[in-house]
Amino acid sequence: MKEIIAVVGSSNTDLVFQTPKFPQPGETVLGGKFVTFAGGKGANQAVAAARLGGDVYFIARVGDDGFGNEAIKGFLKDTINTEFVFKDKDFPTGVASIVVNEKGQNSIVVAPGANNHLIPENIDTAISAIEKSSIVLVQLEISLETVKYVINKSFSLKKRVILNPAPAQKIEESLYSKIFLITPNETETELLTGVEVTDEISASKAADIFLSKGVENVIITLGEKGAYFKNKTEELIVAAKKVAVIDTTAAGDIFNGAIAVALAEGKKWKEAILFANSASAIGVSRLGAQASVPYKCELE
Ligand code: RIB
């Protein structure tokens, strides 16, 4: 039977501005194209997992508004189970203001709205989704109290927890030993371990810190350099595919959704990371978050 993936996290509407350069404080930059996309780290990861072949439950909270309704429509189109996408009567759907420069780099401000009101009680309501899943994927764009609750519950139910610690925030030390896989980028790694990742040696040093805290497997994503993997018995570095970058938004989310699918399919680490690298390479060659997520057939 196919293993199910539960993604718990944020759903945003992204207001995206393409500009030649990022504005400095006090500066107004006349930009180019403006586009609205479906986004949010949790939602992007759920969409990536579904498009890449996973059976996905998404547990989230949106506003009872147009943005929220559009987001849910999109999830359903991607065959994501939305039974536990809660609608908040008091707070609006999360919104992200994203500026993308000529190099495809981005700068993001998020107004979390309803995302911050996804509470532990909601997780209890959605517990059947977690029970049916073998993998639980969570990020840090919802309240940390809820993240902690998700990790503890999932671990006690013997699920494999993947934590994508983005946006970078410290988590309680007691949670590390309940994490099957942590997937920070370089900045998040530095915040969580104090190690600046500049090469394979420093990546290994940072990974050792996660392993010593009890995490089972570590993938440090290195942007255009690829991804570094380490656990107690294996260590590898998998190069990224070279592509013309249009927009790096959601590259990490696509990587995480893809890794969850690869693990659900029983792929070995190298194969799983190659798959995730290929998916995020397609993602960065397109504009937008969910709009850039590839389908499984595009990788075959
Ligand atoms: O990781 C990219 C996402 O971060 C965007 O879609 C935006 O909504 C922010 O949450």
*asked:* Using amide H atoms built in the peptide plane, which far-off residues or other-chain residues are under 5 Å from Gly53 H to H?
replied: Lys296
_Eigenvalues of the Cα gyration tensor times 5, then square-rooted: what semi-axes does that give for the chain, in whole angstrom, largest first?_
26, 24, 19
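If I take R0 = 30 Å and measure r between the Cβ atoms of Ser212 and Glu265 in this structure, what FRET efficiency does the formula 1/(1 + (r/R0)^6) give, to the nearest 0.05?
On the way: r = 30 Å, r/R0 = 0.99.
Step by step, r from the Cβ atoms, then E = 0.50.
Just from its helices, what would the mean residue ellipticity at 222 nm be for the chain, if runs of 4 or more DSSP H residues each count -39500 (n - 2.57) and the sum is divided by every residue, rounded to the nearest 500 deg cm²/dmol? Walk me through the numbers on the way to the answer.
On the way: 10 runs with 103 residues, N = 300.
After summing the helix terms and dividing by residue count, I get -10000 deg cm²/dmol.
I need to check one value: relative contact order of the stretch 63-164, counting alpha carbon pairs closer than 8 Å and at least 6 residues apart, in percent. Don't skip to the end; give the middle numbers.
Numbers: 122 pairs, mean separation 21.5, N = 102.
Relative contact order here is 21 percent.
Pop out the carbon and sulfur fraction of the accessible area of the stretch 12-67 as a percent, whole number, probe 1.4 Å.
Working: 1320 of 2270 Å².
With neighbouring chains kept in place, the figure for the stretch 12-67 is 58 percent.
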*For the chain, give the magnitude of the charge dipole about the Cα centre (Cβ charges: +1 Lys/Arg, -1 Asp/Glu; no others), in debye to the nearest 20.*
540
*Could you provide, to the nearest whole Å², the per residue accessible area of the stretch 211-298 with probe 1.4 Å?*
41
*asked:* Taking the Cα centre as origin and putting +1 on Lys and Arg beta-carbons and -1 on Asp and Glu beta-carbons, what dipole magnitude results for the stretch 104-249, to the nearest 20 debye?
replied: 460
_Run the simple label-point estimate for Leu15 and Glu83 please: 7 Å along Cα→C-beta, distance reported in nm._
3.6
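Considering only DSSP beta bridges where both residues belong to the chain, give the percentage that are antiparallel (nearest 5).
Numbers: 20 of 52 bridges.
Expressed as a percentage, antiparallel bridges in the chain total about 40.
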*asked:* Taking amide H atoms as placed 1.01 Å from N in the peptide plane, list the residues 5 or more away in sequence, or in a different chain, whose amide H sits under 5 Å from that of Gly63.
replied: Gly68, Asp88, Thr93, Gly94, Ala114
*Let me know the Kirkwood hydrodynamic radius for the stretch 200-260, please, with Cα pairs as the basis and the value in Å to one decimal.*
12.6
_Using only the alpha carbons of the stretch 95-206, what is the convex hull's orientation-averaged projected area in square nanometres?_
8.5
_Nitroxide proxy distance, nm - points 7 Å out along Cα→Cβ at Thr125 and Ala244_ = 4.7
*Would you please state the base-10 log of I(q)/I(0) at q = 0.10, 0.13, 0.14, 0.20 1/Å for the stretch 150-300, with intensities from the Debye formula using one equal scatterer on every alpha carbon?*
-0.33, -0.56, -0.65, -1.30
*Integer Hz, Karplus 6.51/-1.76/1.60 couplings in order for the stretch 42-55, x for Gly and Pro*: x, 4, 4, 5, 5, 5, 4, 4, 5, 5, 8, x, x, 8
*Determine, from the Cβ-Cβ distance of Glu102 and Met1 and an R0 of 35 Å, the FRET efficiency 1/(1 + (r/R0)^6), rounded to the nearest 0.05.*
0.15
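Given the pairs Lys73/Lys103; Lys41/Lys103; Lys41/Lys230; Lys132/Lys205; Lys232/Lys267, which are separated by over 27 angstrom at their Cα positions?
The pairs that break the limit, which is 27 Å between Cα atoms, are Lys73/Lys103; Lys132/Lys205.
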*Contour excess over end-to-end distance, with Cα ends at Asp199 and Glu173 and 0.36 nm allotted per residue*: 6.8 nm
*Where in the stretch 213-247 is the amide nitrogen less than 20 Å from a point lying 7 Å along the Cα-to-Cβ axis of Lys33?*
243-247
*Report ³J(HN,Hα) in whole Hz for each residue of the stretch 84-95, in order, from the Karplus equation J = 6.51 cos²θ - 1.76 cosθ + 1.60 where θ = phi - 60°; Gly and Pro get x.*
10, 8, 7, 10, 9, 7, 9, 10, x, 4, x, 10
*asked:* Tell me which of Ala203, Ile162, Asn277 sits at the most positive position along the dipole axis of the chain, charges placed on C-beta atoms (Lys, Arg +1; Asp, Glu -1).
replied: Asn277
_Restricting to Cα pairs below 8 Å that are 6+ residues apart, what does the relative contact order work out to for the chain? Please round to a whole percent._
19
*Could you work out, for the stretch 1-96, what percent of all Cα-Cα pairs fall into each 5 Å distance bin, beginning at 0 Å and stopping at the bin that holds the largest distance?*
3, 13, 22, 20, 13, 11, 9, 6, 3, 1, 0, 0
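Below 8 Å, C-alpha to C-alpha, sequence gap of six or more: please give me the relative contact order for the stretch 212-265 in percent.
Working: 44 pairs, mean separation 11.6, N = 54.
About 22 percent, as a whole number.
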*Any idea of the accessible area per residue across the stretch 53-200, 1.4 Å probe, to the nearest Å²?*
44
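The values are calculated or read from the model by the stated rules, or taken from the named source; none is laboratory data. As the structure is a computational prediction, the values presented were derived from the model and not from experiment. Cβ sites come from the backbone with ideal geometry, for glycine too, and all protein chains shown count toward neighbours. Accessible surface is based on the protein model in full, side chains and every heavy atom, while ligands, DNA and RNA are left aside. Shrake-Rupley method; radii C 1.70, N 1.55, O 1.52, S 1.80 Å.
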